[in-house]
Amino acid sequence: MELYFDDYSFSEKENEVEITYLTFFSFNVPKQDFGFLGNVSLDRHTILFDKLTPERAQKKLGLLFQKYKRSLVYKINKNPVILVDHNLGIPMQGLQFLGILDKGSEMIELKPITNCNMNCTFCSVDEGPDSRKQVDFVVEPQYLIEQFERFISQKPDGKYNVWINPHGEPLLYTPLVRVVKALRQNKKVGDIIIITNGMLLTKQLIDDLADAGLTRFSISFHAMNSEKAKILFGTRAYNVEKVKEMVAYAVTKIKVALTPVYVKGQNEQEMSDIIDWANTVGASVEIQKFCVNKRGRNPVKEQGWDVFFDELKKIQEQTKTQLIKPLGKLQEYAELPKPFKKDDITEVEIVSSGRMVKDKIGVAQNRAVLVLNCSKEKGRIKVKLIQSKYNIFVALPLDAVRR
């Protein structure tokens, strides 16, 4: 008998089995723990066994995987990873860096993963292999889909554009095609956009995402010059020619916008070349202003908006391409009710670490709450809310506030 697993693959070591989950994560299980299956052999995504029925084996393996997935690590940097699923039960609203972000408009952000394969020198959220963040997160795909369906069912009727825009690189989340397909089936979902650096794109993935119902790629593309691009992306692994090839293919299937960040003193001379090339392949260009973020990487001083728009006007004239366009107004929709407001004192159940081990994630009233500088590992704790905007909740332990 055999069992096949889409989301897992298996590799035998001397005394244990390395199990890869969703391509970029792994955990180890002692070989002896597979003894309940009888004689076992492993072949990539398949486990062959001779002792139990497939139904019984599936159930026991599920429990085994759940036990050892507590030691899940990210392959790109060996960070510990917290798997958010039905068992852990972290709500998908409440956190800035994970889940569903709703700011009361037609734009909904979906964040199923943390971390990145690049180390951009100006990253506003300090992601990538060299990030200072100590803990990463990945959301089990079925849990993410169910949580989104629950969220969107509570929103007023209308069309909501979903931006898959994690703190990091969305294509590290390999169930993305599955998620896009599920989003597309919801009648309230309008456009679906993925913000990506493009390095993990393949022609097959582009085809699959287009077929699943993706509306647009928004591709971070900061320089045509290969050496400058490597510097800006913070790694020698960045390959501008590979990304250009994928962009040229993607525009034949789907809308593509290139979104270079204008970093004064580093890539302003690249903007015209990016636009000229984009015009030849049929991609649009939306130049982004570099903004200082106290939790990000800030290699230069931030320009004022007037200065930035003056620079855009010069590039427009040079390339004869419109860059400054009327923004229009986002359609407003009511946010879901907030169960807490700033300065409220409430009790939360601590369920996991945050991105830094000194911080914790608590749960209360179907919302996640980030509790800063919390020494409690598990159990209930009283906290005081210091942020509650947009259903994003940050708190301090009440004992720390009173000191």
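The values are calculated or read from the model by the stated rules, or taken from the named source; none is laboratory data. All of these numbers come straight from a predicted model, not from anything done at the bench. Heads up, the Cβs are rebuilt from the backbone with ideal geometry, glycines too, and the neighbour counts pull from every protein chain shown.
Points worth noting:
- All positions within the stretch 210-225 that are in contact with a strand residue (DSSP E or B) (Cβ under 9 Å, 6 or more places away or on another chain), in a loop (DSSP other than H, G, I, E, B) and crowded, with 23+ Cβ neighbours inside 10 Å: Leu214, Phe221, His222
- Ala368 surrounded by fewer than 20 Cβ atoms within 10 Å (Cβ to Cβ) and among the small types (Gly, Ala, Ser): no
- For first residues located in the stretch 149-168 and touching a residue at least 40 places away in the same chain (Cβ under 8 Å), partners that are among the small types (Gly, Ala, Ser) and lie 6+ apart or on another chain with Cβ distances below 7 Å form the pairs Pro156/Ala334; Lys159/Gly190; Tyr160/Gly190; Asn161/Gly190.
- Residue selected from the stretch 28-45 under the condition loosely packed, with under 14 Cβ neighbours inside 10 Å and part of a strand (DSSP E or B), by the criterion nearest to the chain's Cα centre (by Cα): Arg44
- Residue in the stretch 15-27 that is outside any strand (DSSP E or B), modelled with pLDDT under 90 and not acidic (Asp, Glu) present: no
- Inter-residue pairs, beta-carbon under 7 Å, first in contact (Cβ under 8 Å) with a residue 12 or more places away in the chain and in the stretch 246-268, second hydroxyl-bearing (Ser, Thr, Tyr) and buried (at least 16 other Cβ atoms within 10 Å of the Cβ), 6+ apart: Lys255/Thr215; Ala257/Ser218; Ala257/Ser284; Thr259/Ser218; Thr259/Ser220; Glu268/Tyr262
- Of all the residues in the stretch 75-129, those that are among the charged types (D, E, K, R), within 11 Å of Gly168 (Cβ to Cβ) and touching an Asp or Glu at 6+ places or on another chain (Cβ under 9 Å) number 1.
- Test: Leu385 is of a type in the set (A, V, I, L, M, F, W, C), outside the structural domain of Val138 (by TED's automatic domain parsing), farther than 18 Å from Asp136 by Cα and touching an Asp or Glu at 6+ places or on another chain (Cβ under 6 Å): yes
- Residue within the stretch 224-235 that is over 30 Å from Val292 (Cβ atoms) and under 19 Å from the mean Cα position of the chain (by Cα) present: no
- Put simply, of Ala250, Ala237 the only residue that is out of contact with any Gly (no Cβ under 6 Å at 6 or more places or on another chain), within 25 Å of Lys325 (Cα to Cα) and in the same structural domain as Val180 (by TED's automatic domain parsing) is Ala250.
- Positions within the stretch 236-263 being surrounded by fewer than 20 Cβ atoms within 10 Å (Cβ to Cβ), out of contact with any strand residue (DSSP E or B) (no Cβ under 7 Å at 6 or more places or on another chain) and part of a loop (DSSP other than H, G, I, E, B), in sequence order: Arg236, Ala237, Asn239, Val251, Thr252, Lys253
- Residue in the stretch 279-297 that is closer than 20 Å to Ile219 by Cα and free of Cβ contacts under 8 Å to residues at least 24 places away in the same chain present: yes
- Restricting the stretch 211-236 to residues that are in contact with a helix residue (DSSP H, G or I) (Cβ under 8 Å, 6 or more places away or on another chain) and among the hydrophobic types (A, V, I, L, M, F, W, C), the residue that is farthest from Thr259 (Cα to Cα) is Ala212.
- Filter result for Asp207 (in a helix (DSSP H, G or I), surrounded by fewer than 21 Cβ atoms within 10 Å (Cβ to Cβ) and more than 16 Å from the chain's Cα centre (by Cα)): yes
- When Ala368 is tested against (1) more than 28 Å from Asp126 (Cα to Cα); (2) not in a helix (DSSP H, G or I), just one condition goes unmet, and that condition is (1).
- Complete set of residues in the stretch 129-147 that are surrounded by fewer than 23 Cβ atoms within 10 Å (Cβ to Cβ) and not charged (D, E, K, R): Pro129, Ser131, Gln134, Val135, Pro141, Gln142, Tyr143, Ile145, Gln147
- Test: residue in the stretch 293-304 that is not in a loop (DSSP other than H, G, I, E, B) and not aliphatic (A, V, I, L, M): no
- Scan the stretch 343-365 for residues that are surrounded by fewer than 14 Cβ atoms within 10 Å (Cβ to Cβ), in contact (Cβ under 8 Å) with a residue 40 or more places away in the chain and among the basic types (Lys, Arg) and the total you get is 0.
- Residues of the stretch 164-183 classified as part of a loop (DSSP other than H, G, I, E, B) and more than 8 Å from the chain's Cα centre (by Cα), total: 2
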